[in-house]
1. Would you confirm whether or not region 80-95 contains a residue that is under 29 Å from Ala137 (Cβ atoms) and out of contact with any Ser or Thr (no Cβ under 6 Å at 6 or more places or on another chain)?
2. State the number of residues belonging to region 86-115 that are assigned to a helix (DSSP H, G or I) and open to solvent by 30 Å² or more (accessible area, probe 1.4 Å).
3. Please verify whether region 79-96 includes one or more residues that are more than 20 Å from Phe4 (Cα to Cα), modelled with pLDDT of 85 or more and not β-branched (Val, Ile, Thr).
4. Evaluate region 51-62: report whether one residue or more is small (Gly, Ala, Ser), in contact with a Lys or Arg (Cβ under 8 Å, 6 or more places away or on another chain) and touching a residue at least 24 places away in the same chain (Cβ under 8 Å).
5. Residues being over 26 Å from Arg44 (Cα atoms) and touching a residue at least 60 places away in the same chain (Cβ under 8 Å): count how many of those fall in region 82-132.
6. So which residues in region 1-34 are among the aliphatic types (A, V, I, L, M), loosely packed, with under 13 Cβ neighbours inside 10 Å and within 18 Å of Tyr76 (Cα to Cα), if there are any at all?
7. Out of the residues in region 138-153 that are assigned to a helix (DSSP H, G or I) and surrounded by fewer than 16 Cβ atoms within 10 Å (Cβ to Cβ), which is modelled with the highest pLDDT?
8. Among the residues of region 57-73, write down those that are at pLDDT 85 or above and either within 21 Å of Asp42 (Cβ to Cβ) or crowded, with 23+ Cβ neighbours inside 10 Å (or both).
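The values are calculated or read from the model by the stated rules, or taken from the named source; none is laboratory data. Note that the coordinates shown come from a computational prediction; the quantities given were computed from them, not determined experimentally. Here Cβ is always computed from backbone atoms with ideal geometry, including for glycine, and neighbour counts include all displayed protein chains. These area figures cover heavy atoms from the full protein model, side chains too; ligands, DNA and RNA do not enter into them. Shrake-Rupley method; radii C 1.70, N 1.55, O 1.52, S 1.80 Å.
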Amino acid sequence: WKRFFYQTALRYPRVTMSVVPDSGSFGCGMAGQNLTGIYCPDNRVVYADAQAYEALRQRFPLGADYAMAYLVAEAYGHHVQWALGLFTDLVALQSLKDEGKVAALELAIDQQAACYAGMWTITAGIDELNDNGAVTAALQAVEAKRKYAVVNMPLGRVVPELLQAASPEARSYWYAKG
């Protein structure tokens, strides 16, 4: 992403990745949430849950590595969105209490992150795995868990993984567009 920003004369803000032993070590007020990986805009850290990854590998030995790479790529995509000001726009809409516009922007953010993750797989040279059944099964298992994460975030706080999620079909479409 740094190269893409440089090509457009934008500065890419620093982001770090932290592999934590379990979800109890997530930052951003997300400790204990079963999300496998998250991006926290408060401290610009991508968190990856090592315990959830191991469980994913045991259940889906052929698809877990790629599924985790996709989730990390999506989290970095959320960092790009943060850098471009999308979360500021979302917070502004939230303050207006227009639930319809907020939901529409949340869907757009989710779909755009899927597109960015797709772009990353091409750049990383692993896009041939996009249609792999084992990978698809692992990703679906992770996405199913995300539906049950319920956190009441205060106004002005955004954790992308908790936003209104696009349908699996829409995410696949935008992922392929990337």
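1. Of region 80-95, the ones under 29 Å from Ala137 (Cβ atoms) are 80-81.
Within this subset, residues satisfying the condition of being out of contact with any Ser or Thr (no Cβ under 6 Å at 6 or more places or on another chain) are 80-81.
Checked against the condition, which is being under 29 Å from Ala137 (Cβ atoms) and out of contact with any Ser or Thr (no Cβ under 6 Å at 6 or more places or on another chain), region 80-95 yields at least one hit.
2. Pass one, region 86-115, residues assigned to a helix (DSSP H, G or I): 86-96, 99-115.
Going one step further and asking which of them are open to solvent by 30 Å² or more (accessible area, probe 1.4 Å), we end up with 86, 88-89, 91-96, 99-101, 103-105, 107-108, 111-112.
Going through region 86-115 one residue at a time, the tally reaches 19.
3. no
4. We begin by selecting, within region 51-62, every residue small (Gly, Ala, Ser); these are 52, 55.
Then drop every residue that is not in contact with a Lys or Arg (Cβ under 8 Å, 6 or more places away or on another chain), which leaves none.
Within region 51-62 (the criterion being small (Gly, Ala, Ser), in contact with a Lys or Arg (Cβ under 8 Å, 6 or more places away or on another chain) and touching a residue at least 24 places away in the same chain (Cβ under 8 Å)), the answer is no, since none of the residues qualifies.
5. Going through region 82-132 one residue at a time, the tally reaches 2.
6. Of everything in region 1-34, just one residue is among the aliphatic types (A, V, I, L, M), loosely packed, with under 13 Cβ neighbours inside 10 Å and within 18 Å of Tyr76 (Cα to Cα), namely Leu10.
7. Filtering region 138-153 for residues assigned to a helix (DSSP H, G or I) gives 138-146.
Still in the list and also surrounded by fewer than 16 Cβ atoms within 10 Å (Cβ to Cβ): 140, 143-145.
Details: Gln140: 75, Glu143: 69, Ala144: 66, Lys145: 63.
Here the residue is Gln140.
8. Within region 57-73, Val72, Ala73 qualify.
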